Amino acid sequence: MRRMKSALVLAVLFGALLANPLGTAGKGNYPNKAIDLIVAFSPGGATDIVARALAPKLEKMWGVNINVINKAGGSGTIGTMEVVGAKPDGYKMMINVTTTGSLNPAVDPTLPYKWNELTNVCRINVNPLVFIVKGDSKWNSLKDLVADLKAGARKYSYGTAGPGGPSTFAIAQLCQDAGIDPNNLIRVVLGGGATVITDVAGGHIDLAAQNLSEVIAMTQAGKIKALAVTTDHRSSSLPDVPTTKEAGFPSVKLVGYNSVSGPANLPDEVVKAWEDAVRELCKNPEFQAALESAGATSAFLGHEEFGKWLKDYYDEGVAIALKVGLRK
């Protein structure tokens, strides 16, 4: 009798292994331990905000710790390379962003990674850019700013979170629209979006174009002044700030994004787990509100669709970089 019971147990276990060779059950084998979620910039910036809104929701869904780790430096390259070199098991992932995901590689083909070297899992949100100056600046509109840039661009500096930061490209678009050589401005590369905004507020640099989520608090506090947003419609977070089209510069329309990325060759199981979780969260009113309170808009794209969108975005970035002499 005991032998029959043992044989029955073995048969059940063997059948389970045949049906599920990785031992996955219910939600699957992944994840079954803590995940490190890398942010390649300093705390307080748009990417950090998104990561810290996402992490507790994933912890609740998956029942594992999500450790948000800031790895700033090298305009996002240090944190990105940590993920590029990680084991492709899904336990070291990153919240990617416009800069490291598209525009830095568009500017600098000699970077130690390519835009498509990571597994780009899915898009989470888009983020309008906002042209900003110091709170007590004499400039009250983009036209005021552009008039002075035309008169002497070499006197003015702008901040950017990387050589290919959104600020670099948005200001290049603005200059191109206005007939100004963007290379005549002084470009100051800083350690992240939060640092850029702090330096604008302190008068260390004259202007920038940063993610909406990064500028709301300091704009509302009067420490910086928002001149325009790059979307077709005004932001509910800054309803008195005109769009770039309203301000007279309709071709200036670059937006930022955040996405989930991991090392190359991530297993399909890992990709699907993240894709399904983020898709679900992007429909969650509480998560949407968390993004919106930070100035971002939920804008999920799945793995395949996001890959196509990202290629187009990168190609457009290369075209702008070549046209205005930014690509190395």
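The values are calculated or read from the model by the stated rules, or taken from the named source; none is laboratory data. Computed from a prediction, not measured in an experiment: that's the story for all the values here. No Cβ is skipped: glycine too gets one built from the backbone with ideal geometry, and neighbour counts run over all protein chains shown.
A compact table of results
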item: Answer residue from region 302-327, given it is of a type in the set (D, E, K, R) and farther than 19 Å from residue 259 by Cβ and is surrounded by the fewest Cβ atoms within 10 Å (Cβ to Cβ) among those; result: 323
item: Residue satisfying all of: in region 75-100; at pLDDT 95 or above and under 20 Å from residue 295 (Cα atoms); farthest from the chain's Cα centre (by Cα) among these; result: 95
item: Wholly within region 223-328, strands (runs of 3 or more DSSP E) carrying at least 2 residues that are over 23 Å from residue 172 (Cα atoms); result: 255-262, 297-301
item: Residue satisfying all of: in region 190-222; at pLDDT 95 or above and in a loop (DSSP other than H, G, I, E, B); surrounded by the most Cβ atoms within 10 Å (Cβ to Cβ) among these; result: 205
item: Residues located in region 75-93, provided they are over 13 Å from residue 264 (Cβ atoms) and touching a helix residue (DSSP H, G or I) at 6+ places or on another chain (Cβ under 8 Å); result: 75, 76, 77, 79
